[in-house]
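Written out below as structure tokens is the structure these notes cover.
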Amino acid sequence: MRVDGLRTSVAANGVVELAEAGAGGVVCVATVHMVMEAFDAPDFQRSVNAADLVTPDGVPLVWALRRLGLPETRRVYGPTLMRLVCRRAEDHGLPIGLYGGSPEVLERLRERLLEWHPLLRIVFAASPPFRPETEAEDASSVQAIEASGARILFVGLGCPKQERWMAAHREALPCVMLGVGAAFDFLAGAKRQAPGFLQRAGLEWLFRLASEPRRLWRRYLIQNPRFTFHFARELARARSEAA
């Protein structure tokens, strides 16, 4: 799966450039979980690889990219990227939309974003049902997003649902779609973020596992070791070819 080795400021500027161009676009915020979903599902891999930007959210991905020859790679943390894009949107007068999360989280997120960025224009916010939308519901959502005039749409449906949703709606929506996963919950204060020292050590997954073991055990206790194994093979192959 493609992951772009870049910095948060570069990614945020890229989102703004796409929004100002007015031709739409997709930005994926990649984690180990996303990489393994792509490893197991070729159609999902193609969707992610077709995005305009794929940023390295997970610290293990930053380490991996550096080992593969991109030493300047930095972590592009989803909540931080969302805050910076909102700041850029405020400065450039670009209206934004929010799609995902529970109604309570969405309302609190709106309040916090406007506290931080008083001039930010939030022209759309919707909490879709947890189940798949019907064709009529989906058409109504697309119409509402387009009618709102949002130039940047933050999508918080979780991986891989949000990436599949963005890929499926890329041609229908003129706005840039940015899949930010749990950033809605973190920025709204609905879930605690891992302490900085755990994030820097690449152990945010352990904090999240301890916080939500029943929901996340399979993602971290199965997929993380699989990623380590397959990346070790890829790194050994790359070194052998370079020798």
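The values are calculated or read from the model by the stated rules, or taken from the named source; none is laboratory data. Only a predicted model underlies this, so the values are computations on that prediction, with no experimental measurement involved. Neighbour counts are summed over all protein chains in view; Cβ atoms, including those assigned to glycine, are modelled from backbone coordinates with ideal geometry.
Looking only at region 24-40, count every residue that is more than 14 Å from the chain's Cα centre (by Cα), more than 24 Å from Ala172 (Cα to Cα) and of a type in the set (A, V, I, L, M, F, W, C) and tell me the total. Qualifying residue count for the region: 2. Please determine whether any residue of region 186-200 is free of Cβ contacts under 8 Å to residues at least 12 places away in the same chain and out of contact with any Phe, Trp or Tyr (no Cβ under 9 Å at 6 or more places or on another chain). Taking every residue of region 186-200 in turn, at least one turns out to be free of Cβ contacts under 8 Å to residues at least 12 places away in the same chain and out of contact with any Phe, Trp or Tyr (no Cβ under 9 Å at 6 or more places or on another chain). The residues of region 87-118 that are part of a loop (DSSP other than H, G, I, E, B) and either charged (D, E, K, R) or at positive phi (or both), listed by number, are Gly93, Gly101.
Is one or more of the residues making up region 1-12 within 18 Å of the chain's Cα centre (by Cα), over 29 Å from Ala232 (Cα atoms) and surrounded by 19 or more Cβ atoms within 10 Å (Cβ to Cβ)? Yes, region 1-12 has at least one match.
Taken over region 190-210, the criterion of being farther than 17 Å from Leu61 by Cβ and loosely packed, with under 13 Cβ neighbours inside 10 Å is satisfied by Arg192, Pro195, Gly196, Phe197, Ala210.
Conditions tested, residue by residue: (1) farther than 24 Å from Thr31 by Cβ; (2) at pLDDT below 95; (3) surrounded by fewer than 18 Cβ atoms within 10 Å (Cβ to Cβ); (4) in contact with a Lys or Arg (Cβ under 7 Å, 6 or more places away or on another chain).
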{"position": "Pro71", "(1), (2), (3), (4)": "no, yes, yes, no"}
{"position": "Asp91", "(1), (2), (3), (4)": "yes, no, yes, no"}
{"position": "Tyr99", "(1), (2), (3), (4)": "no, no, no, no"}
{"position": "Val105", "(1), (2), (3), (4)": "no, no, no, no"}
{"position": "Pro129", "(1), (2), (3), (4)": "yes, yes, yes, no"}
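Among the residues of region 119-141, which ones are within 19 Å of Arg151 (Cα to Cα), outside any helix (DSSP H, G or I) and either free of Cβ contacts under 8 Å to residues at least 24 places away in the same chain or of a type in the set (Gly, Ala, Ser) (or both)? Ala125, Ala126, Ser127, listed by residue number.
Screening Ala64 on (1) over 15 Å from the mean Cα position of the chain (by Cα); (2) under 27 Å from Gly93 (Cα atoms); (3) surrounded by 22 or more Cβ atoms within 10 Å (Cβ to Cβ) shows it passes everything except condition (2). Is one or more of the residues making up region 152-169 of a type in the set (Val, Ile, Thr) and touching a Pro at 6+ places or on another chain (Cβ under 9 Å)? Yes: one or more hits. Does Phe44 meet the test of being under 25 Å from Pro174 (Cα atoms) and among the aromatic types (Phe, Trp, Tyr)? Here the answer is yes, as Phe44 does meet what is asked.
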